[in-house]
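The values are calculated or read from the model by the stated rules, or taken from the named source; none is laboratory data. Quick caveat, the model's predicted, so the values are computed rather than measured. FYI the Cβ positions are ideal-geometry reconstructions off the backbone, even for glycines, and counts take in every protein chain you see.
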Amino acid sequence: MDFALDEKLLARQAEARAFARDEVAPGAAERDRKKEYPEKLVRRAAELGYMGCLVPEKMGGSGLGNLGQCVVLEEVAAACAGTHVTLSVHNSLVSAPIYKYGGPEVHERWLGAVGSGEKLGCYLLTEPGSGSDAAAMSTTATEDGDYFVINGDKMWITTGDVAQVGVVFAITNLDRSVRNTKAISAFVIDFDDPGVTFGKREPKLGLRASTTVAVFLKDVRVHKSQMLGERDRGFSIAMDMLNGGRIGIAVQAIGIARAALELALERSEISKRNGKPLGKSQLARFRMAEIATSIEASRLLAWRAALLRDRKENHIREASMAKLMATQSANDACRRVVELLGEAGYSDDCAAERLMRDCRVTELYEGTTEVQKLVISRQLL
Amino acid sequence: MDFALDEKLLARQAEARAFARDEVAPGAAERDRKKEYPEKLVRRAAELGYMGCLVPEKMGGSGLGNLGQCVVLEEVAAACAGTHVTLSVHNSLVSAPIYKYGGPEVHERWLGAVGSGEKLGCYLLTEPGSGSDAAAMSTTATEDGDYFVINGDKMWITTGDVAQVGVVFAITNLDRSVRNTKAISAFVIDFDDPGVTFGKREPKLGLRASTTVAVFLKDVRVHKSQMLGERDRGFSIAMDMLNGGRIGIAVQAIGIARAALELALERSEISKRNGKPLGKSQLARFRMAEIATSIEASRLLAWRAALLRDRKENHIREASMAKLMATQSANDACRRVVELLGEAGYSDDCAAERLMRDCRVTELYEGTTEVQKLVISRQLL
Amino acid sequence: MTDYGEYLGLDLDEDQKMILEMVAQLSSELLAPAADVIDRDEAIPANVRATLAESGLFGLRAPETFGGVDLDDSCYQFSLATLAHGSASVALDVLVQSSLLLEPLAKFALDDEGISAWAESVVSGEARGALAWQESSNSLSNSDLKTELRTIDGEIQLSGVKNWVLGAPEADRFLVLAKEGDYSSWFMVAADAAGVEIGKKRTRLGMRGISVAAVEFTNVAIAESNRIGTVGNGKEILEFISCRAQVGLVALATGLIAAARDAAAQYATERRQFKRPIADFEAIREKLAGAESAHASAASLLASCARLSDGGGGHDRKRLHFGMAARIQATDLAMKVADDALQTFGGYGYSQEYPVERFYRDARYLALAFGGNDPIRLRLARSILPSSDSASRKSD
Amino acid sequence: MTDYGEYLGLDLDEDQKMILEMVAQLSSELLAPAADVIDRDEAIPANVRATLAESGLFGLRAPETFGGVDLDDSCYQFSLATLAHGSASVALDVLVQSSLLLEPLAKFALDDEGISAWAESVVSGEARGALAWQESSNSLSNSDLKTELRTIDGEIQLSGVKNWVLGAPEADRFLVLAKEGDYSSWFMVAADAAGVEIGKKRTRLGMRGISVAAVEFTNVAIAESNRIGTVGNGKEILEFISCRAQVGLVALATGLIAAARDAAAQYATERRQFKRPIADFEAIREKLAGAESAHASAASLLASCARLSDGGGGHDRKRLHFGMAARIQATDLAMKVADDALQTFGGYGYSQEYPVERFYRDARYLALAFGGNDPIRLRLARSILPSSDSASRKSD
């Protein structure tokens, strides 16, 4: 048993921290205000290998693994959650299934491109009628010789309008007596393929440096070699990826909470309540102690899940526990920091209100808090 | 990084689990009812090495270390918190300082006896006027040649009336201009020394299988070789031991919470609310998922702190964080389980109410919850 | 003891003020000193009950026919809260006898002379009744009712097991809910009737002044004179009792909060640490403020519940709905305040030499009594859903 | 919109009922549809304010001299709650103008004709005022007051910086708290007076219909006619305003809770997952029940606060104390309910196409407004400590 990062990851962490501090953090408030996708930062992240964490080095990635991804992306999340989610989705939900489930053609055509970050990916699972209930999908992929023709609407797609590649889920067994969980397949598609269009950018409470759109697939023709894994077994790929995605969102929450705590600590002398600096108020100090404690507990849960995932051991419960605790406590932390900083925290005077808005989504996507409890309870009972 | 126990500790865990299940759990309800100190169990625990976790094997202990102590004593706590605290105090607060701070005479006379569990120890720090504020002590040890003469009242002493050995703190620098933090020394005393008497057993909300008494020291004469560490430096020994003690109480809370969760799971079919079994109620299931999550997060925090302690690295923050989260969430868990089980949980029908009563003390001793937040906030600000 | 008239600006007349003052005096001079003994001995001493009866407390809500004073609900509920400040067990006893038993009897069996006579003896403290409706734990509905009325050899008999019957060991009579054909009805059954067996008295975490036991009814002969209400109105009476129970729990919560708050405030002023009274520390102040804020909430909820009761007229369902909403909030607050008070005492809070550990134990009962907070939540939610969707109203 | 008369069993006369009905109609037909635009544009449109003024809302608590109707506090506060159900920003605007500005003016400057004339224009909606007391963030006390009155070259001048002044960018006049010798006093200062500079309008998380900015006063000439109240009664007026602000926050919390609850209940009935409306799931029901329970609490607290106000007479300190206790509870509940409502919407809750994210943002203001929950907690605790220990009363 050992709770410490090894030297390699410590070095990566330091590198990521510098990147986040020097390049990501400075523009975060402006990106939020202007709802601006951080194209340059994503390119820089690609150079640093943060877009190929789950792709081995020899195949074009950085081979950081799930644990390494946790370590470096926490730094990005602490600086800008919108930038983080772009990278997190790309790693956990796009490059990971392409690497893990793609055949030789897929690897040849896409793995190097996504692993190096040359191409950005998005994940097309959710539909208007299927949020927490992924099996209630209606997008279809109809076989046509060596091809499938995909039709359907996907929604809440992170970076859907800036990505070049998508991992899309569709029903390949149209026999309605077959349950969707045994009828769905996954495909990789290029976004310049004919038939892929987008809706407007969704106006969101936070995470405004990332884009969220509906993606419409109309007669999108894909070769059968673009299928990931086996036919009709896509649901289990979605479930597998969700576990990785959940760890990614736990890390996002941890990063945001850490930023909130650091902000409160940083302002503990200048910020006052009734004339008393926060740092001299026992109540304020205790609230910071609570936040620090939940951050560390959440991080241990997330890293444990990531390590199990790296080792290909079961981590369904662990991933959901990490997401449950990290996201709930991070939201508490952000709300608390807004309150601690008072009117300043409530306004554009500092990052507190942005952190609070950004953080709220972590309890909603990659499975809501309720879904995490559902998953955990199924592992208990 | 590695979150798994090694094979040796896994074997120790299995052994402890069997001991707890077969020997500790069966009498727990009765001990609670009769307020009965588990003398036989303590002897059995000694045989298994659970009283010398922090004493090396070659010196009469089992050398399990802090992490090993966490692992085996969690099992005992899950079966009977009263038995647990007796062992926890003996290990963390008595055999540990005797080993770590005792000179050759102390080692010769006491280390083997406490490490093997032949003699049971108690810890005499708290006084009527000094709870969270350990420095507000008034017991004195007046120098008299090669001897010190100790006078004072100690209170809330776990196993104070059944122990044979005590680690006692007293003021050795009587110059009142010197702060108590620089005036206290620690000594080992034998309880059959003249001048040691006890008060009545304190009636307590829970933990009734352990005894809690006041201990009165009247002209107790100890040789200067019985001093632990350096003269006037006892406060730092107390602080050091507190860190270990906090990990021990975190583990106690984790064990109790686990027992509560296991009880709820066990009764999830037979226990009903409005005619519906608990296991079929989403609300009940979700509450169990929350409990399971906080148990695992707390355990990771506790084990991390224990491992740091084993490695002699700084773990002040980590120990307090472990205790803070473990004890708060364990109390929530126990209260929740009583509520889930309804009238049955509220009565002697099952262990729920005992677990709830036992658990409550974990937020009070070895530093209250407020003290943990104080400690953590000092590490932050 | 809080002067609720002044605290909440209630418009009380002289009689109401006098009653509340009398109850406050009883609570501080009789109940508070006896509370620990009641808890330890698991019984309310006879002299305490006798004084309560002499003071008319068991008849506060009873009509004159029963020997009561038919008090308005507002004054009644704040009397209960004030009793709970002294001893939660006693307040629970008074709630059960004066409200949960005598109110339905007054409403549904006022003209029955046999009932009136017994009700009078409840008011005078000679008799005690118990409600026997619950079969599985935490049930407010009659959905899992198994106790039933059957005609065997021409005789009508009642059989079944009621669990967790509050006050069963001390009761003279049981008010029993049973299936009668497709519906349910209530029957008054004497504890010494043939076929009634009281189970083992259970030791409980708190509210120990009132015992709990199972009651088994085996072919107990039932005459029409045993019936309370009409054939098949079991659910109506159950809802009535439930509604009164919810409000009563808000009263108990209010009194317990006041007791815990006062104990904590007192201790925080006296106890010194780091050379200052601990009341100087913000972490302690936060708890005290939380207690006061909780008290304002619970008392305000209680005032609303009582105002709705006193408004009279139809709206039974609305009162029940509001009572459930109030009860969830007030009991959750009471549990939190009791926990905070214990924590304020530090290690001393764990000792049975101080009252806060009793508050902590007693308060937990409020969450599971009379339906239980979680089942009540599920039911309350149903009642606020827009009516457009009738499907989801049916389920659960 | 909730009919609070019926919901709480309030004893309302026909006039009161009529006012509440009128406000409910305004809130649902005018405010609710405009709430998103108000939030997005960071301003209340002129036509909305004009309608509010025509309906007499800015004069609800003002005396006839000011052109108001001098409404009782109970009806007033439930009107505010009802407005907050439609738009929290609008309710905050009404609270500030009709209560926090005009009430102290009526109480402390009723006979001043210049003030009356201006107050009339506030009632008619032509003018707006702003309270300028806060210097550091979250302060309800005047302990860190730096703005002061000085005599320079024989002229009395006011200098200092007020931060986070609610409504500053739109205000015609400021009610300014300043040191005057050893005490403090209030002065009315025109926004266009020489030496008054309004800082940058801040973009805020919520309550965006009302802007906030710093106001810097540099050697602003002060005549005796600027004075509100008497020399040195700054603290008395501050406490009066604070007290009214606490109650107003309870009203805003009540309305926000109702809005969030209704949105969540509606969505939970319509949205289907796993082939059922999500209202069928217990985890959703728990949230809905929590919202209803919170609403019962906040509304009951509001009724208590208003009852204490309407009771009139001395007791200012008691009303402030109760208001603080109520405010902590009601605002905490509002924040929780808004969070739960957002969560009920799942991913849709994060979209600005739905109103719940606005409720979530608006609700957070309640915790830090007018003193802030934490500082209020510390102060409230002090007021419940036994009086034996005067030392700890002094500290903090």
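Numbers at a glance
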{"read-out": "Which listed residue, of D:292, D:282, is more than 28 Å from residue D:100 (Cβ to Cβ), within 8 Å of another protein chain (Cβ to nearest Cβ) and without any contact (Cβ under 8 Å) to a residue 12 or more places away in the chain", "value": "D:282"}
{"read-out": "The one condition in (1) out of contact with any strand residue (DSSP E or B) (no Cβ under 8 Å at 6 or more places or on another chain); (2) closer than 22 Å to residue D:124 by Cα; (3) assigned to a helix (DSSP H, G or I) that residue D:6 fails to fulfil", "value": "(2)"}
{"read-out": "Pairs with Cβ under 6 Å, 6+ apart, first in region D:244-263 and touching a residue at least 12 places away in the same chain (Cβ under 8 Å), second part of a helix (DSSP H, G or I) and charged (D, E, K, R)", "value": "D:244/D:103; D:246/D:327; D:249/D:327; D:250/D:327"}
{"read-out": "Residues of region A:155-172 satisfying the condition of being part of a loop (DSSP other than H, G, I, E, B) and either β-branched (Val, Ile, Thr) or surrounded by fewer than 18 Cβ atoms within 10 Å (Cβ to Cβ) (or both)", "value": "A:159, A:162, A:164, A:172"}
{"read-out": "Of all residues in region A:191-218 being charged (D, E, K, R) and part of a loop (DSSP other than H, G, I, E, B), the one that is nearest to the chain's Cα centre (by Cα)", "value": "A:208"}
{"read-out": "Matching residues in region C:253-279 - criterion: being within 8 Å of another protein chain (Cβ to nearest Cβ) and aliphatic (A, V, I, L, M)", "value": "C:265, C:268, C:279"}
{"read-out": "Test: residue in region B:230-241 that is closer than 19 Å to residue B:302 by Cα and surrounded by 20 or more Cβ atoms within 10 Å (Cβ to Cβ)", "value": "yes"}
{"read-out": "Some residue of region D:121-132 being part of a helix (DSSP H, G or I), charged (D, E, K, R) and at pLDDT 95 or above", "value": "no"}
{"read-out": "Condition broken by residue A:376, with the remaining ones in (1) closer than 30 Å to residue C:281 by Cβ; (2) touching a helix residue (DSSP H, G or I) at 6+ places or on another chain (Cβ under 6 Å); (3) of a type outside the set (Gly, Ala, Ser) satisfied", "value": "(1)"}
{"read-out": "Residues satisfying the stated conditions in region B:131-150, i.e. at pLDDT 95 or above and either crowded, with 17+ Cβ neighbours inside 10 Å or part of a loop (DSSP other than H, G, I, E, B) (or both)", "value": "B:139, B:140, B:141, B:145, B:146, B:148, B:149, B:150"}
{"read-out": "Qualifying residue in region A:323-337 (condition: among the small types (Gly, Ala, Ser) and more than 14 Å from chain D (Cβ to nearest Cβ))", "value": "yes"}
{"read-out": "Search result, residues across region A:191-218 that are out of contact with any helix residue (DSSP H, G or I) (no Cβ under 7 Å at 6 or more places or on another chain) and among the small types (Gly, Ala, Ser)", "value": "A:195, A:199, A:214"}
{"read-out": "Residue in region A:346-360 that is closer than 23 Å to residue D:214 by Cβ, within 11 Å of chain D (Cβ to nearest Cβ), without any contact (Cβ under 8 Å) to a residue 60 or more places away in the chain and of a type in the set (D, E, K, R) present", "value": "yes"}
{"read-out": "Residue pairs meeting the criteria (Cβ under 7 Å; at least 6 apart or on separate chains; first without any contact (Cβ under 8 Å) to a residue 60 or more places away in the chain and facing chain D (nearest Cβ under 8 Å), in region C:361-386; second surrounded by fewer than 24 Cβ atoms within 10 Å (Cβ to Cβ) and of a type in the set (D, E, K, R))", "value": "C:377/D:286; C:378/C:396; C:378/D:282; C:382/C:393; C:382/C:396; C:385/C:393"}
{"read-out": "Close pairs from region B:1-15: first at the interface with chain A (Cβ under 8 Å from one of its Cβ atoms) and within 23 Å of residue A:6 (Cβ to Cβ), partner surrounded by 14 or more Cβ atoms within 10 Å (Cβ to Cβ) and of a type in the set (Lys, Arg), Cβ under 6 Å, at least 6 apart", "value": "B:3/A:304"}
{"read-out": "Strands (runs of 3 or more DSSP E) within region D:152-232 that include 3 or more residues surrounded by 18 or more Cβ atoms within 10 Å (Cβ to Cβ)", "value": "D:155-166, D:173-180, D:183-190, D:212-221"}
{"read-out": "Residues located in region C:6-24, provided they are touching a residue at least 24 places away in the same chain (Cβ under 8 Å), closer than 19 Å to residue C:86 by Cα and not hydrophobic (A, V, I, L, M, F, W, C)", "value": "C:7"}
{"read-out": "Residue that is aliphatic (A, V, I, L, M) and either within 13 Å of chain B (Cβ to nearest Cβ) or not in a helix (DSSP H, G or I) (or both), where the choices are C:325, C:341", "value": "C:341"}
{"read-out": "Residue B:55 being in a helix (DSSP H, G or I), of a type outside the set (Gly, Ala, Ser) and either crowded, with 19+ Cβ neighbours inside 10 Å or within 14 Å of chain A (Cβ to nearest Cβ) (or both)", "value": "no"}
{"read-out": "Count - residues of region D:263-286 that are among the charged types (D, E, K, R), over 24 Å from residue A:179 (Cβ atoms) and surrounded by fewer than 24 Cβ atoms within 10 Å (Cβ to Cβ)", "value": "3"}
{"read-out": "Test: residue in region B:175-187 that is within 25 Å of residue B:105 (Cα to Cα) and either part of a loop (DSSP other than H, G, I, E, B) or in contact (Cβ under 8 Å) with a residue 60 or more places away in the chain (or both)", "value": "yes"}
{"read-out": "Condition met for residue D:236 (closer than 21 Å to residue D:95 by Cα and of a type in the set (Asp, Glu))", "value": "yes"}
{"read-out": "Which listed residue is without any contact (Cβ under 8 Å) to a residue 60 or more places away in the chain and assigned to a helix (DSSP H, G or I), from A:61, A:82, A:68", "value": "A:68"}
{"read-out": "Single residue of A:255, A:248, A:275, A:279 found to be within 13 Å of chain D (Cβ to nearest Cβ) and either among the small types (Gly, Ala, Ser) or surrounded by 24 or more Cβ atoms within 10 Å (Cβ to Cβ) (or both)", "value": "A:275"}
{"read-out": "Residue within region C:108-120 that is over 14 Å from residue C:241 (Cα atoms), touching a residue at least 40 places away in the same chain (Cβ under 8 Å), surrounded by 24 or more Cβ atoms within 10 Å (Cβ to Cβ) and more than 10 Å from the chain's Cα centre (by Cα) present", "value": "yes"}
